[in-house]
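The values are calculated or read from the model by the stated rules, or taken from the named source; none is laboratory data. What you see is a predicted model, and the numbers here were worked out from it, not measured in a lab. Positions of Cβ are backbone-derived with ideal geometry, glycine not excepted, and every protein chain shown enters the neighbour counts.
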Amino acid sequence: MKKTFLALASDKPFWAIAIGLPVALTIIAVPMQRLGYRPLSKQECQVKKWQLPKSVPSQDKKSPVLVQRSPITCCEGDTSCLDKQLWGEGVRGADKKALLTSIAQSLQYLQTEKASSDYQNYPVVQVTRDRVINSLQRFRQLLLKSKSAGEFNQAIAQEFVLYQSVGSNGKGRVLFTAYYEPQYTASRVPTAEYRYPMYRVPPDLDKWQRPHPTRLDLEGADGLQGKKGKLRGLELFWFRDRLEPFMVQIQGSAVLQLTDGTQTTVGYAGNIAQDYKSIGRELANDGKLPLLGMTMPIILDYFHKYPEELNVYIPRDPSFVFFEEKHGAPAGGSINVPLTAERSIATDKSLMPPGALALIRASFPFVEKNGNVQHRLVSRYVLDQDAGGAIKGSGRVDYFLGTGKIAGDRAGVTVTNGHLYYLLLKLKS
């Protein structure tokens, strides 16, 4: 369970959110001239083939969340429709094993009573737990059998159909952000240096009177008043920088290097009933930073320059998250399975099928061998294994990028429009 730190406005076009990204994204839907009978250019094909058909109605209460369509054939000369990373054809090494691990995690969840309950009233009648299980098992067989990304793509096209998210505009547009597992130094005991705590779940949280107290009520403007109220005695770890425990609340998990020389992990354990408010947007509303081109590195840089402002803006987010020590266990998702770097996503679980196999297509940042970050349009098979406080509606996806600084650097500049599809075996006639 996590939230997004950026000041996002999903009802605005992408270029009004992150025009400062270093490349122009061909995935953005732009007006096209009538094409007549001439063949689609590479860029036009990349855009038009992945959008929902024009016959799909605009999104409203009666519109479907997912729309069935045939698998998408590659444009001539365009290999961005293939998940080449599985065979090591991308910047990083082959990660077929990572995808297989993620599939196994979803299959484990899908055999539980929780999965049975989650799918009992799922709004898309064709998307059932049994069909999701069978699809994952067959997808795994084809993945192990195929010798290349192209061969695998052809096999998928023969046996599977896609269910495309209608997105935020009813035409398939989905806003992608990314999250990661940060690494911080922390202490098991408070000291003059390590003063800012994170907290366990209050044992009587379900008995708290509603509306719940806000973040400001619980920990004060300076983040040091928790011992005077409902949070007293619930301190789990202490940090040097107030921003660090807040960032863990945003990301939902962390690896902690402790002052006694040991290492541990923490994960989401609960939250109060208060809506999340982006402090990035608050900075923009106050004119401290421009909304145009805002990214996490820009926000973090602002607070590093003006640390006293943390006591102004962190309290403006009324939400509050509690944690538990995981003793080295990896970051986990909302379906209670470990997340896999670049193979797990978070969506709105009131709308999207938990644990299901998905295909995402968007422009994501990659760190080149020279250290530069470049955005590339890619397709990735992923598993829908998490949720987030700010990930609401059919037009939002958060992409898990892993642990540590590089993952954080990439996540911080991921703000892009793309498309989301779920893969299911064809129904027998």
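Any residue at all in the stretch 295-307 that is in a loop (DSSP other than H, G, I, E, B), among the polar types (S, T, N, Q) and either in the same structural domain as D222 (by TED's automatic domain parsing) or in contact (Cβ under 8 Å) with a residue 60 or more places away in the chain (or both)?
Within the stretch 295-307, one or more residues are in a loop (DSSP other than H, G, I, E, B), among the polar types (S, T, N, Q) and either in the same structural domain as D222 (by TED's automatic domain parsing) or in contact (Cβ under 8 Å) with a residue 60 or more places away in the chain (or both).
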Practice task
Give the residues of the stretch 153-188 that are more than 29 Å from D348 (Cα to Cα), out of contact with any strand residue (DSSP E or B) (no Cβ under 7 Å at 6 or more places or on another chain) and hydrophobic (A, V, I, L, M, F, W, C), sorted by residue number.
Solution key: A155
Handout entry: Check on D83, acidic (D, E) and either touching a Phe, Trp or Tyr at 6+ places or on another chain (Cβ under 8 Å) or modelled with pLDDT of 95 or more (or both)
Key = yes
Practice task
Among what's in the stretch 275-289 and is of a type outside the set (D, E) and modelled with pLDDT under 95, pick the residue that is nearest to L310 (Cα to Cα).
Solution key: I279
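Residue-wise test of (1) more than 22 Å from the chain's Cα centre (by Cα); (2) assigned to a loop (DSSP other than H, G, I, E, B).
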position	(1), (2)
I250	no, no
D260	yes, yes
K288	yes, yes
V312	yes, no
Handout entry: Those strands (runs of 3 or more DSSP E) lying entirely in the stretch 331-399 with at least 2 residues under 17 Å from H419 (Cα atoms) and of a type in the set (S, T, Y)
Key = 373-386
Problem - Criterion: in a loop (DSSP other than H, G, I, E, B) and small (G, A, S) - qualifying residue of A273, A269 - result: A273
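Would you check if Y194 is at pLDDT 95 or above, among the aromatic types (F, W, Y) and in contact with an Asp or Glu (Cβ under 6 Å, 6 or more places away or on another chain)? First the steps, then the outcome.
Working: at pLDDT 95 or above: yes; among the aromatic types (F, W, Y): yes; in contact with an Asp or Glu (Cβ under 6 Å, 6 or more places away or on another chain): no.
So Y194 does not fit the description; no.
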Problem - Residue check, A254 assigned to a helix (DSSP H, G or I), farther than 14 Å from S319 by Cα, in the same structural domain as S319 (by TED's automatic domain parsing) and of a type in the set (A, V, I, L, M) - result: no
Problem - Residue that is in contact with a Gly (Cβ under 7 Å, 6 or more places away or on another chain), touching a residue at least 40 places away in the same chain (Cβ under 8 Å), within 30 Å of Q209 (Cβ to Cβ) and buried (at least 19 other Cβ atoms within 10 Å of the Cβ), where the choices are F323, F239, F246 - result: F323
